[in-house]
Amino acid sequence: MPAEHSSRARNPLTIAGAALTTVSALAFIVYYITHSLGWWLSPYAGLVGFIAIPVVFLLGLLLIPLGMWREGRRRRHGKPDWQWPALDLTTARARRVLFTVLLLSLVNLGIVTVAGLGAAHYMETTAFCGQVCHVPMRPEFTAHQEGAHARVACVACHVSPGAAGTLRAKMNGTRQLYLTLLGTYDRPIPTPARGLPFAAETCMNCHQAGHPVPDITKIAREYADDEANTETASTLVIYPNRIHWHTRGDVKVEYVATDEKRETIPYMRVTEPGGKVTEYFAAGVTLQPAGALRHMDCLDCHSRPAHTMSASVEQAVDGAIASGAVARELPFVKRELVAALSDTYPDHASAEAAIASKLTTFYQGQPKTVPAHVTAAIGAGQRLFRANAFPEMKVTWGTYRNQLGHTGEVPGCFRCHDDEHKAKDGRLVRQDCGMCHKEVE
């Protein structure tokens, strides 16, 4: 490098840029090695290692020529060359000043490091996702706490691994924060969520694909509106291995949905082992319709795996009676709880007061009534409302539908298995109950 350019590099801005570049380069090397060894498994670690550190590196690179340009301009205006400040280490005062500056720099670096790690860790917590945006995320946060995935952090399912996934999540989060501050977010939050990672990047971290699963025996209990709350029990043996055919590694199922909730599916394409491709069309459809061709994965059926809510008031009350939270011996409790929970309320406090008042009033003086059973029914009804209805977000029973299985409220399997989707060779997507389960007498 010519002497003139070498001397221009002797200025505070260029030296600071060189220092930033050197430190960030070393930090990136350390991060990359520890990341490769599996020490940084957090989704947000990529935000620091693959985004923040390279940004600092680029900033340092920009400061180097900028400092040289400014130094050259200074000299053209006749100003003296920049000189290092004189530091005489033979004096005790100079040594104390240098030691104090170095000590404070180390302390500040430690504080910034700990604060940065703490911020990254906090952003991974369910509390951050569910409570910072308290009102819009309240339904999701409440349902998450009640479900089987309560100990799984939101970012484990909502943020793809790597820097690209983290960047997409933070950009989406910034948009959501902006909408929250303005109060212009959707009520209710639309589902299914767009931009979720593919199941292979999230679900498969815990659930092993292709692993044989034992058949499941499930007893569904329903109760009538009569005085005895008459029970009807149906026992099903479910075959998970047959159902999970849709997501096998050697099978590829793709489809086009023509509605936002992915409940109207006029077209499917199945690639079988060996590469054979078969297209299935709904009645009246002859060509692949416009729209995104989605690769079917776990979330197309398990559409609310961590935020499950009851599809209807009846279903919620049936579950409470079946679990023993509500005494079946209490006369007409199914009918009265459904009526109390089905009314419209402006907020949770009003709902809880009304539920207590309605049940208390009905059971006053009623024969065969145990006061403790009434109290338990009131508490159960209030809990059900708090877990499934959120008036401030316009969320009520059935707003968020789970496509797992099929009920009167949700099509689920019948979106495709309706005996109407036909291939050109005449094959149908069958609506055969025995393919997935059988009823035990």
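The values are calculated or read from the model by the stated rules, or taken from the named source; none is laboratory data. Given the structure is predicted, the values throughout are model-derived calculations rather than measurements. Glycine also receives a Cβ, built like all others from the backbone with ideal geometry; neighbour counts cover every protein chain displayed.
Can you tell me which of (1) closer than 29 Å to Thr142 by Cα; (2) in the same structural domain as Arg221 (by TED's automatic domain parsing); (3) touching a Leu at 6+ places or on another chain (Cβ under 9 Å) is the one Glu263 doesn't meet?
Result: Glu263 passes all but (3).
For the stretch 11-33, indicate whether the set of residues that are assigned to a helix (DSSP H, G or I), buried (at least 16 other Cβ atoms within 10 Å of the Cβ) and at pLDDT below 80 is non-empty.
Yes - at least one qualifying residue is present in the stretch 11-33.
Restricted to the stretch 290-334, and to residues that are among the basic types (Lys, Arg) and in a loop (DSSP other than H, G, I, E, B), which residue is surrounded by the most Cβ atoms within 10 Å (Cβ to Cβ)?
The extreme case among them is Arg304.
Find the residue count for the stretch 303-318, including only residues that are under 22 Å from Ala257 (Cα atoms) and over 13 Å from the mean Cα position of the chain (by Cα).
Looking only at the stretch 303-318, we keep the residues that are under 22 Å from Ala257 (Cα atoms), and these are 303-305, 311.
Among the residues that remain, those that are also over 13 Å from the mean Cα position of the chain (by Cα) are: 311.
Qualifying residue count, the stretch 303-318: 1.
Taking Gln431, is it farther than 30 Å from Tyr280 by Cα, polar (S, T, N, Q) and at pLDDT 90 or above?
no
Taking Val410 and the conditions (1) without any contact (Cβ under 8 Å) to a residue 60 or more places away in the chain; (2) assigned by TED's automatic domain parsing to the domain that holds Asn229; (3) not in a helix (DSSP H, G or I), which numbered condition does it fall short on, given that it satisfies the others?
Exception for Val410: condition (1).
Could you please let me know if Thr113 is modelled with pLDDT of 80 or more and of a type in the set (Val, Ile, Thr)?
Considered against the rule, which asks whether it is modelled with pLDDT of 80 or more and of a type in the set (Val, Ile, Thr), Thr113 comes out as no.
Starting from residues that are surrounded by 10 or more Cβ atoms within 10 Å (Cβ to Cβ) and more than 25 Å from Arg10 (Cβ to Cβ), keep the ones in the stretch 83-105 and report whichever is modelled with the lowest pLDDT.
Leu104
Mind checking which strands (runs of 3 or more DSSP E) fall wholly inside the stretch 163-269 and carry at least 1 residues that are among the aliphatic types (A, V, I, L, M), in contact (Cβ under 8 Å) with a residue 60 or more places away in the chain and over 29 Å from Ala153 (Cα atoms)?
231-238
Every residue, every condition in (1) part of a helix (DSSP H, G or I); (2) of a type in the set (Val, Ile, Thr); (3) at negative phi; (4) at pLDDT below 75, yes or no:
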residue	(1), (2), (3), (4)
Ser7	yes, no, yes, yes
Ser42	no, no, yes, yes
Val56	yes, yes, yes, no
Arg70	yes, no, yes, no
